[in-house]
Amino acid sequence: MTKTWAARLGVVLVATGVGAAMLAPTAQAGTTGASAKGATSAAKHPGSRCPLPVFGPGKSYHPKINRKSFTAEVTNPWFPLVVGRTMIYTGVKDGKQALNVVVITPHTKVIDGVRTRVIEDRLYLAGALEERTRDYYAQDGCGNVWYFGEDTATLDANGKVTSTEGSFHAGVKGAQPGVFMQAHPRIGREFRQARQGSPSRCATRERVSRPSLR
């Protein structure tokens, strides 16, 4: 689905139409350290420029990216993806108790010429696996986190795949990457998370805190 685990459960600063506060996960395990080289690269290299894509409808959306500037080491302080970390979220979805297990794996995948970090996401409703997804993120040289696609599957009560709707890879069949989290969020700025997505907007009145890299 175009709305990934973070957007679905409202755990990041960006949200569609309305602001969303960052929520702490129920539990975190397997945490390892990570450097902040990506988030601080712009300061170290003043000449580097990472223009953010302007939101535009349909086929007019074609963000320009410098593929060589990207890394799978996502250290953005607003959306750190620490390899080995497991995040567990609980809530209610469609009237059912929901459990969302998100694992930042050590694996990477090259999509549209960019090496991305692979995130494993499992959504359980009322104790049954409802959806399994692999999300692909990378960070540019200025610290912005980009979303390059996902492979998602919806399952029935017997574990059989009933749909893969929403799956896409940037660079395939016209799909485009988009910014998932800015290095320096600006209130009210709209941008696309991906070619298939709705515009995202920074929260305007919510209090937020940054997650730990440790």
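Taken together, the values in this text are just the output of simple stated rules run on the coordinates, not laboratory data. None of these values were measured; they are calculated from a predicted model. All Cβ positions, even for glycine, are placed from backbone atoms using ideal geometry, and neighbour counts span all protein chains on display.
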Too long at a 25 Å Cα-Cα cut-off: which of 64/93; 93/173; 96/173; 68/109? 64/93; 93/173; 96/173
Could you sort the peptides 66-74, 130-138 by per-residue average Cβ neighbour count (10 Å cutoff), highest mean leading? 130-138, 66-74
Counting Lys and Arg as +1 and Asp and Glu as -1, what is the net charge of the other residues whose Cβ lies under 12 Å from the Cβ of residue 103? +2
How large is ³J(HN,Hα) for each residue in the stretch 64-70, as worked out from phi by the Karplus curve 6.51 cos²θ - 1.76 cosθ + 1.60 (θ = phi - 60°), to whole Hz, x for Gly and Pro? 9, 10, 9, 4, 6, 7, 8
What is the extension gain from residue 66 to residue 88, computed as 0.36 nm multiplied by their sequence separation minus the C-alpha to C-alpha distance, in nm to one decimal? 4.6 nm
Averaging sequence separations of C-alpha pairs under 8 Å and six or more residues apart, then dividing by the length of the stretch 82-184, give the relative contact order as a whole percent. 19
Which of the peptides 102-110, 116-124 is most tightly packed, and how do the rest follow, going by the mean number of other Cβ atoms within 10 Å of each residue? 116-124, 102-110
